[in-house]
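Values in this text are rule-based calculations from the coordinates and carry no lab data. The shown structure was predicted, so the numbers you read here are calculated from the model rather than taken from an experiment. Here the Cβ positions follow ideal geometry from the backbone for every residue, glycine too, while neighbour counts run over all protein chains shown.
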Amino acid sequence: MAQASPVVVAANSAEPVAPLWHTVVFLAMFLALAVANALRIQHASAALPHRLRVYIFSILFEWVMVAYVWWFGLRPRGMRVRELIGGKWARVSDFFRDVGIAFLFWLVVLSMLATIRLVLGPNPAAVKAIRLLAPRTGAEMIVWVLVSVTAGITEEFLFRGYLQRQFLALTKSPHVAVVLQAIVFGSAHIYQGWKGAVGITFYGALFGVLALVRRSLRPGMMQHATQDTVSGIAVSLLSKHGYM
C-alpha cells in the first residue's frame, strides 16, 4: 500500500510544532502590535507620516515572526518549513492548478466580504485606515507590493500554518482550530474597527478552511498576496482621482 507524502502528513497532523510558551509569546507579540497600530491610526491625521517606514517595519516584523517560529519551534523538532506549508509543485500543471484554485477562492472571498459589508453597514474606521496606509507615490507603490507579497506568504504561514496547527494540537478539532486562528487574525486587524475585525475574522476562517481542504498554504498565499497588492494600488488610484 502506498504511504502518504510526509509533507501531507505533517501539514495535517495534530502534533504541535512548538511548546505552549512559544505560542503564548507569539500571540502576545501580534496582539501588542495590533493595539499599537489601532492607537496610531486612531490619532493619525489625513496623511500618515513616514509611510515607507511603516511598510518596512511591517515587512521586517513579519519575517522576524517567521524566523521566531522556525528557530524556536520547527528547528528544535527537526521540522522543515515546507512541511508546514504543505503541497508540492512537481510539475508546471501543479502550479497552475493552485493558481486556478486561488482565483476561484478570490471570487468566494469577494462575495463573502461584500455580504459582510451589506450586513454590517459602512465602516468609517476601515476607510480611514485604508486611506492612511495606501501608497501614494511611485516608491510607495513599489514597496507596497513587497509588503503585500510578504503578508501573503508570512501571514498564511504564521496563522494558517503555525497557529492553526498549534490550535489543532491543543483542541484536537480542525474546526475549532480554524475558528481560533481566525479570531486571532481578526483581532490583529482591530485598527480597522470592530466591523473590520469581524470581516477579517471571516476572511481568515475562509483561508483556514482552504488550507485544511487543500492540505497546502500555497493557494492561500497566492490569493492573499494578490488581493493585498490590488487593493492597495486600487485605493491609491481612486484617491488620486478623487473617488475616495
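Observations
- Longest exposed-site-free window of the chain, the sites being trypsin sites (Lys or Arg not before Pro) in a DSSP loop that have at most 10 other C-beta atoms within 10 Å: 1-90
- When you restrict to C-alpha pairs under 8 Å that are six or more residues apart and normalise by the size of segment 86-189, the relative contact order lands at 13 percent.
- Three principal axis lengths of segment 151-241 [C-alpha, angstrom, descending]: 51, 28, 17
- Cα centroid separation - segment 170-244 against segment 80-157, whole Å: 7
- Two numbers describe the Cα atoms of the chain: Rg and Dmax, which are 18.1, 64 Å.
- Ratio of the Cα radius of gyration of segment 192-244 to 2.2 N^0.38 Å, where N counts its residues: 1.42
- Calculated [θ] (222 nm, deg cm²/dmol) that DSSP helices of n ≥ 4 give over the chain, each run adding -39,500 (n - 2.57): -24500 deg cm²/dmol
- Computed over the chain: relative contact order in percent, which uses C-alpha pairs under 8 Å that are six or more apart: 33
- Set against the 2.2 N^0.38 Å expectation for a compact globular protein, segment 59-155 has a Cα radius of gyration ratio of 1.43.
- Using the Stokes-Einstein relation with a Kirkwood hydrodynamic radius computed over Cα pairs, the translational diffusion coefficient of segment 47-112 at 37 °C and a viscosity of 0.692 mPa s comes to 214 µm²/s.
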